[in-house]
1. Please compute the net charge surrounding Pro159, taking Lys and Arg as +1 and Asp and Glu as -1 over other residues with Cβ under 15 Å from its Cβ.
2. Taking +1 at the Cβ of each Lys and Arg and -1 at the Cβ of each Asp and Glu, which of Ala40, Tyr88, Leu60 sits farthest along the dipole of the range 39-92 towards its positive end, judged by Cα position relative to the Cα centre?
3. In the range 77-233, carbon and sulfur make up what percent of the accessible area (probe 1.4 Å)?
4. Can you give the Kirkwood hydrodynamic radius for the range 148-233, in Å, rounded to one decimal and based on Cα pairs?
5. Pick out, from Tyr180, Ala209, Tyr230, the residue whose Cα sits farthest towards the positive end of the charge dipole of the range 171-233, with +1 on the Cβ of Lys and Arg and -1 on the Cβ of Asp and Glu.
6. The range 44-132: Rg/Rh from Cα coordinates, Kirkwood Rh?
7. Note down, for the range 9-67, the three equivalent ellipsoid semi-axes (square root of 5 times each alpha carbon gyration tensor eigenvalue), biggest first, whole angstrom.
8. Return the Cα extents of the chain along principal axes one, two and three, sorted largest first, each rounded to a whole Å.
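The values are calculated or read from the model by the stated rules, or taken from the named source; none is laboratory data. Because the structure is predicted, anything quoted here is derived from the model rather than measured. Note: ideal-geometry Cβ built from the backbone for every residue, glycine included; neighbour counts use all protein chains shown. Side chains are part of the model used for accessible areas, which takes the heavy atoms of the whole protein and leaves out ligands, DNA and RNA. Shrake-Rupley method; radii C 1.70, N 1.55, O 1.52, S 1.80 Å.
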Amino acid sequence: MSFLGRVGSVFDLQLIIILLIRVSASLVSISIHETCHGLAAYRLGDPTAKRMGRLSLNPLHHIDPMGLLLLITAGFGWAKPVPVDPRYFKQPKQGMAVTALAGPASNFALSLLAALVLSLLYHLGAGETEPGFWAMVFFAVFLMLNIGLGVFNLFPIPPLDGSKVLFSFLPDRVYGLLLYYERYVMLLLFALVFFGVLDTPLGFLVNAAAKGICALFRLPVGVLAALLEYGYL
């Protein structure tokens, strides 16, 4: 094989590895996110998600094609919403808020776990071997994906989780009205994403959270940035 051919093969293999890392990290993140929504609702008395088979870590039960594509390419996105029936809750608005917060909370917990593992790998010198290096790239991507997913879903725009929390503080009549028109407000979210309106505030919050987590686990920000250059080629 010629030199150029070998370079091309290595480059293709690297792209395949990066794609696998990003897809697998995205699938794990959204599956846990949605399952935690369902578990929270179930613990509060709503069996809807369990009855519909959504208390599962199987990604096929949770994938929204557009949301997954954005998560893989842009670092933020969404999954197919877990069905929740607030009539089962003793306090519907508060139950919806707790159920909504369970998703982003799971992502922040996963980001902390990823930072812990990444810090251990870094301080143990795992990056000196090729398998160790790619493991570090995976956890760097996984860390940022979960921060992005957690922060993005806390924006108070329907149907994102943050809107359910915001709605819980509103009067019942206004709450019911907003829920009724939620599907139409979704168009606003798509427009904001399409035109990049959320990019600046989202980027600021994600970077701030990443710096804080890196400081917590004594992980140099420069190391995370260098790993992400490989993970987002």
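1. On the way: positive: Lys80, Lys164, Arg183; negative: Glu34, Asp64, Asp161, Glu182.
Once all neighbours under 15 Å are counted, the net charge is -1.
2. Tyr88
3. After summing per-atom areas, the C and S share lands at 70 percent.
4. After inverting the mean inverse Cα-Cα distance, the result is 15.1 Å.
5. Ala209
6. Values: Rg = 17.7 Å, Rh = 15.9 Å.
With Rh from the inverse mean 1/r over Cα pairs, Rg/Rh is 1.11.
7. On the way: eigenvalues 212, 16, 11 Å².
Semi-axes from the Cα gyration tensor: 33, 9, 7 Å.
8. Largest to smallest, the principal-axis extents are 69, 36, 34 Å.
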